[in-house]
Structures are given as C-alpha cells and as structure tokens.
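Beneath this line is the structure, given in structure tokens, with notes to follow.
Quick note: the coordinates plus some simple rules give every number you see, no bench work behind them. Every value quoted in this text rests on a predicted model; they were computed, and no experiment measured them. FYI the Cβ positions are ideal-geometry reconstructions off the backbone, even for glycines, and counts take in every protein chain you see.
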Amino acid sequence: MTLDKWQRMTEWFMTALALVFLLAYSWEVLARTHILLCETVINIIWMAFIVDYVVSILLAEDKKTWFKENLLMLVSIALPVFRPLRLLRLVAVLNVLNRTGGMAVRGRITLYTCCSVTLLMYIGALAELDVERGVPGASITDFGEAIWWSFVTVTTVGYGDLSPVTWQGRSIAIGLMITGVALIGIVTATLASWIVDRVRDETDKRADEAESETEQLRHNVRELTDTVNQLRDDIARLRRP
C-alpha cells in the first residue's frame, strides 16, 4: 500500500463523509434541533478523518515534508474549535472533476474557483454564526447576516456594518480575506489570459488573411508574366519573314 493508492481508494469516500459532515453541521447550526444526533455524526466522521490522517502520514515516504504540507489538516482534527476546516475536504472533489473534465484549462480553473469560493463562503458563514451567536455584543446573530458578512469579506468590500467580536470569528475572517485576495488574482489572471488569447487569435487571423492575399498577388503576377511572355513570343513569330 502506498500513499497515492490510499488516497485514490479513500478520496471519494472521505469526500462523501465531508458532505455528511456539512449536512450535520448545517443542521446543528441552522435548525438547532437533534443536537445530540448531529454531534454524534460529527464526532464519528471526526474519528474517520483522524484515521485517514494517521494512515496517510504513516504511508508517506517523506513524512516530514508531508507533515509540513498538511498542517491545516492537523489543525482541523486536533482543535475542536477549528472543526469547520474539515469541510475543506469537499474542495478535493473539485480536483477530481478538474482532472476528468473535458473543458478547456481556463474553463476548469474558472469552475474550480467559483465552486471553491462558494463553498468557502457557505462554510465561513456557518462557522461564523456558530462562534458569534449568543456572544455579548455580537452583530452576526442569524444566517442571513452571516452570509452577507461572508460575501462582503470574500469580495474584500468590507462595509463594516457587521464584524466578528470573538477571536475565532476574526480567524475565520482572516481566512476569508485571504480567499478573497486569491479570488481577485485568479479572476484577473483568467481575464488577462482571455484578452491575450483574443488578441493573438485576431493577429493570427489577420496574418493568415495577409498571407493569403500575398499568395494571390504572387499567383496573379505569375499569370501576368506568363501572358506577357506568350505575347512576346507571338510578336516575335509575326515579325519573322
């Protein structure tokens, strides 16, 4: 068993668990009913993620490098306060779709970015509401406000009408801000790439048209030259006695 084989075997299963985790966590935060059942489901899935983490680090050839590259995973399973981070496992399914999709690279990047940001906004809103609701002086007290706050934070607008008061909420805000900056960079790069491709296509089209016109002119000149030579030969024959 190798790490790559383990990840291929468990990729969809762990993603499905993350989806169940999202449903249980959403129900717990939004509906606020069946809390015990939701917590039981969340804890069972939490244990599955711990097993996945332990097996992965044991199978890694360079354990030190793998550990450094997966610190976020360690934080999400070691500290209960960061349990929403486990939902980032859902982003992994986008990698699978990215590898199997048939659309162009720019289209896959755009789809991946939009889906990732939408998921992170929803997760951020849930997590923010979970840690802020019920705290004295908190302004984010319902899901509508949480979604609005998450949206303006990701887009780096930041109206300031809603803001977290807990350190956990501010940590979530930092993560969303970083996501927003990355989103702007990806959107700008994708747009610039599209413009460059359009300019290149237009330039190539005009170059092809110019080459075609040049070739047509050369053909006409050759025909005209042949005609002149033919006339010259005819005139020469007429002048003979």
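Assigning unit charges at the beta carbon (Lys, Arg +1; Asp, Glu -1) and nothing else, what dipole magnitude in debye, to the nearest 20, does segment 180-241 show about its Cα centre? All intermediate terms of the calculation are to be shown ahead of the outcome.
Values: 10 positive and 13 negative charges, 87 e Å.
The dipole magnitude comes to about 420 debye.
GluC sites (Glu not before Pro) within segment 1-74: which are DSSP loop residues with at most 16 other Cβ atoms inside 10 Å? If you can, show how the numbers build up before the last one.
Working: sites: 11, 28, 39, 61, 69; in loops: 61.
Of the GluC sites (Glu not before Pro), the ones in loops of segment 1-74 whose Cβ has at most 16 other Cβ atoms within 10 Å are 61.
Any chance you could tell me what percent of the C-alpha pair distances in segment 163-241 go past 17 Å?
Details: 2272 of 3081 pairs.
Beyond 17 Å sits 74 percent of the P(r) for segment 163-241.
Give the residue from 150, 168, 238 lying farthest towards the positive end of the charge dipole for segment 139-238; charges sit on Cβ (+1 for Lys and Arg, -1 for Asp and Glu) and the dipole is referred to the Cα centre.
Value computed over the given set: 168.
Net charge around residue 129, counting only other residues with Cβ within less than 9 Å of its Cβ (Lys, Arg = +1; Asp, Glu = -1)? Before the final figure, lay out each step's value.
On the way: positive: 133; negative: 128, 130, 132, 142, 145.
Taking every other residue near residue 129 into account, the sum is -4.
For segment 110-241, which semi-axes, largest first and in whole Å, follow from the square roots of 5 times the eigenvalues of its Cα gyration tensor?
Values: eigenvalues 1147, 18, 15 Å².
For segment 110-241, the semi-axes come out at 76, 9, 9 Å.
Can you give the local net charge around residue 1? Use residues other than it whose beta-carbon is closer than 13 angstrom to its beta-carbon, Lys and Arg +1, Asp and Glu -1.
On the way: positive: 5, 8; negative: 4, 61.
Within the 13 Å Cβ shell, the charges total 0.
With a sphere of radius 9 Å drawn around the Cβ of residue 139, what net charge do the other residues whose Cβ falls strictly inside it have (Lys, Arg +1; Asp, Glu -1)? Show your work: numbers first, answer last.
Working: positive: none; negative: 132, 145, 161.
Taking every other residue near residue 139 into account, the sum is -3.
If packing is taken as the mean number of other Cβ atoms within 10 Å per residue, what is the order of 206-214, 150-158, highest first? Mind showing how you got there, number by number?
On the way: 206-214: 10.0, 150-158: 17.7.
In decreasing order of mean packing, 206-214, 150-158 become 150-158, 206-214.
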